Amino acid sequence: YVHFFPYHLKTENIVLITHMKDLDNTNTCNNSDNLQWNIDAKNQTNNTTIPNFQDERMLYRVGILGAAKIARKNIHAIQHLYSGCKLTAIASRSRMRAEKIVEDHAHIFDCMHMNGNQNEDDRHSQNSIEIFAGESAYMQLIESIDLVDAIYIPLPTSLHSHYVTAALQAGKHVLVEKPVSVNVSDYRKFLGEAKVQKKYLQDGTMFVHHPRTKQFLDIISNREEFGEVTRIHADFSFYGDEEFFEQNIRTSQNGDPLGCIGDLGWYCVRMALLVFHRASNARPISARVVHSTTNQEGVPIDAICIVTFQSQDVNEDILNNSNAKNSSKKESNILSFHCSFVSPLRQRVEVCSKQKSATINDFVIPQSGINHFQLHKQDTTENDEVSIQTNDLIEVQNSPSQEVMMWRFFSQACHCLDTDPESYYENLPSRNKNYFDFSLKAKDLSDMSLQTQMVMDALMKSIKTNGKEISIMNS
């Protein structure tokens with residue numbers, strides 16, 4: 001449900017989120033009738049193709065490389081009734097770890113993707129999860145025949161170059177954890193290979209798929225009600241203990257050399273890209289790290305950053321020599337953010353116009369149950385004696401979870417690309433308008449991810465040049 005606020009917004013900018021208790025990710029053994037989630041109505045609303053994944057033969061078979069902690073969260077999402085996917089294989093250098101992760105999720109494998117029309121032979125149980133173990137386990141899974149349609153890669157960023165490329169060349173779709181690569185050059189190679197193989201590459205940024213994010217963007221992009229967005233500030237941090245700094249790959253040059261920039265700053269930058277693109281048609285043009293701390297390996301563990309965005313409408317005016325005088329006066333859009341492994345857990349974003357602001361205090365990892373964001377307006381009485389504050393709370397049900405919705409988007413994108421690859425990679429009109437429309441959404445998501453990686457590159461260059469502002473326009 002949605003709690004509406006005092007002033008009015010155009011109805012097309014409101015997302016009505018119904019209470020979907022039966023699809024909550026905490027209840028994984030629901031009756032298959034609940035899977036429908038009003039599919040016909042959703043098709044009419046979003047005008048996208050949503051296959052009926054009740055038939056298990058249509059589910060995308062997923063294999064996981066590694067037994068990382070985040071893989072456990074994603075197993076729950078993959079096996080959810082609404083994901084359009086099912087887990088069929090896990091590869092780990094340790095057979096014990098792979099068997100343990102399957103055993104820990106046995107209750108999910110034994111009850112998911114079941115309906116009354118399936119017979120016992122169609123059951124997807126823990127016994128049907130293929131385990132690959134040993135030094136060559138990852139490649140064995142990637143090169144397997146008729147076992148998986150897609151590969152999920154939650155490995156250290158330094159390993160992405162080899163395994164993302166190998167998975168795409170093996171004809172598998174890929175969902176890879178962020179940051180996607182150690183540099184934008186590698187990312188572009190991944191996209192090139194995906195185009196050759198006609199497969200889909202998606203990063204594992206979950207919050208972009210949360211229904212709250214769409215509603216947040218709808219509201220802050222309504223200039224008549226919210227005003228013109230000019231500034232964003234974000235914080236994403238947590239306090240790593242001694243064990244974290246000694247053992248976690250996120251602080252290792254050989255693991256995740258981008259450190260807190262790639263691990264935490266990625267989310268701050270992605271949110272700004274979504275907001276400024278939607279509100280101002282703006283793209284990042286420069287980035288600078290104004291303060292940073294690195295560990296002994298040179299990996300960032302704390303950073304304060306500024307990213308400058310500029311509207312593409314301004315660039316077009318300059319190129320066309322039209323409205324050049326007015327365009328030159330237009331303010332740039334600014335993102336400032338703090339990301340850190342040595343600060344308390346914070347995950348807050350604030351979007352500001354000249355009249356109002358909007359905040360989310362848990363924008364990366366949402367609270368359980370009902371999620372919300374707030375709209376703020378502040379003024380003062382005559383002679384500035386006291387301030388007058390108005391705060392409106394907008395609530396959105398978090399069900400299914402954002403990770404389930406991420407896998408749902410991934411399976412839909414894979415389905416559209418497998419069915420009609422020309423509409424995605426060749427920009428040709430599709431035989432089915434729904435495929436074409438969803439392909440545009442999938443390409444937008446991919447472009448946002450690439451832009452995020454471009455900003456990561458610029459921020460890392462800024463650290464290496466003692467805080468110099470780095471241009472992104474031509475990178």
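Going through 250, 283 one at a time, which residue ends up being part of a strand (DSSP E or B), of a type in the set (Lys, Arg) and buried (at least 17 other Cβ atoms within 10 Å of the Cβ)? Working first, answer last.
Numbers: 250 fails: part of a strand (DSSP E or B).
Among 250, 283, only 283 is part of a strand (DSSP E or B), of a type in the set (Lys, Arg) and buried (at least 17 other Cβ atoms within 10 Å of the Cβ).
Considering only the range 349-395, how many residues are in contact with a strand residue (DSSP E or B) (Cβ under 6 Å, 6 or more places away or on another chain) and charged (D, E, K, R)? Give the steps one after another, and end with the answer.
So in the range 349-395, the residues in contact with a strand residue (DSSP E or B) (Cβ under 6 Å, 6 or more places away or on another chain) come out as 349-352, 356-364, 370-380, 387-395.
With the extra rule that they be charged (D, E, K, R), the set shrinks to 350, 356, 362, 377, 379, 392, 395.
Total satisfying the criteria: 7.
Kindly indicate whether any position in the range 203-222 is in contact with a His (Cβ under 7 Å, 6 or more places away or on another chain), modelled with pLDDT of 95 or more and farther than 19 Å from residue 65 by Cα. Give the steps one after another, and end with the answer.
So the first thing to find is which residues in the range 203-222 are in contact with a His (Cβ under 7 Å, 6 or more places away or on another chain), and the list is none.
There is no residue in the range 203-222 that is in contact with a His (Cβ under 7 Å, 6 or more places away or on another chain), modelled with pLDDT of 95 or more and farther than 19 Å from residue 65 by Cα.
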Any residue at all in the range 233-248 that is modelled with pLDDT of 95 or more and more than 26 Å from residue 73 (Cα to Cα)? yes
Please identify the pairs in which a residue from the range 58-84 that is more than 17 Å from residue 103 (Cβ to Cβ) and modelled with pLDDT of 90 or more has its Cβ atom under 8 Å from the Cβ atom of a residue that is basic (Lys, Arg) and assigned to a strand (DSSP E or B), counting only partners at least 6 apart or on another chain. 59/86; 60/86; 61/86; 62/86
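When residues of the range 349-362 are filtered for being in contact with a Ser or Thr (Cβ under 8 Å, 6 or more places away or on another chain) and open to solvent by less than 20 Å² (accessible area, probe 1.4 Å), how many remain? Give the steps one after another, and end with the answer.
Restricting attention to the range 349-362, the residues satisfying the condition of being in contact with a Ser or Thr (Cβ under 8 Å, 6 or more places away or on another chain) are 349-354.
Filter once more, keeping what is open to solvent by less than 20 Å² (accessible area, probe 1.4 Å): 349, 351, 353.
Number satisfying all stated conditions: 3.
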Is it fair to say residue 95 is surrounded by fewer than 17 Cβ atoms within 10 Å (Cβ to Cβ), more than 19 Å from residue 411 (Cα to Cα), modelled with pLDDT of 60 or more and out of contact with any Ser or Thr (no Cβ under 9 Å at 6 or more places or on another chain)? yes
Within the range 102-149, take every residue that is part of a loop (DSSP other than H, G, I, E, B), modelled with pLDDT of 75 or more and not hydrophobic (A, V, I, L, M, F, W, C) and give me the one that is surrounded by the fewest Cβ atoms within 10 Å (Cβ to Cβ). 146
Report yes if some residue within the range 40-48 is at pLDDT below 85 and among the aliphatic types (A, V, I, L, M); otherwise report no. yes
Starting from the range 346-375, keep only residues that are closer than 15 Å to residue 403 by Cα, then list their pairs with residues that are of a type in the set (A, V, I, L, M, F, W, C) and buried (at least 18 other Cβ atoms within 10 Å of the Cβ) whose Cβ atoms are within a distance under 7 Å, requiring at least 6 positions of separation or different chains. 363/207; 363/271; 363/349; 364/207; 364/236; 371/396
So which residues in the range 381-399 are at pLDDT 90 or above and under 28 Å from residue 207 (Cα atoms), if there are any at all? 390, 391, 392, 393, 394, 395, 396
Test: residue in the range 218-229 that is open to solvent by 10 Å² or more (accessible area, probe 1.4 Å), polar (S, T, N, Q), over 25 Å from residue 305 (Cα atoms) and over 18 Å from the mean Cα position of the chain (by Cα): yes
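The values are calculated or read from the model by the stated rules, or taken from the named source; none is laboratory data. Predicted, not measured: the structure shown is a model, and the values here were computed from it. As a convention, Cβ positions derive from the backbone with ideal geometry for all residues, glycine included, and neighbour counts pool all protein chains shown. Heavy atoms of the whole protein, side chains included, go into the accessibility calculation; ligands, DNA and RNA do not. Shrake-Rupley method; radii C 1.70, N 1.55, O 1.52, S 1.80 Å.
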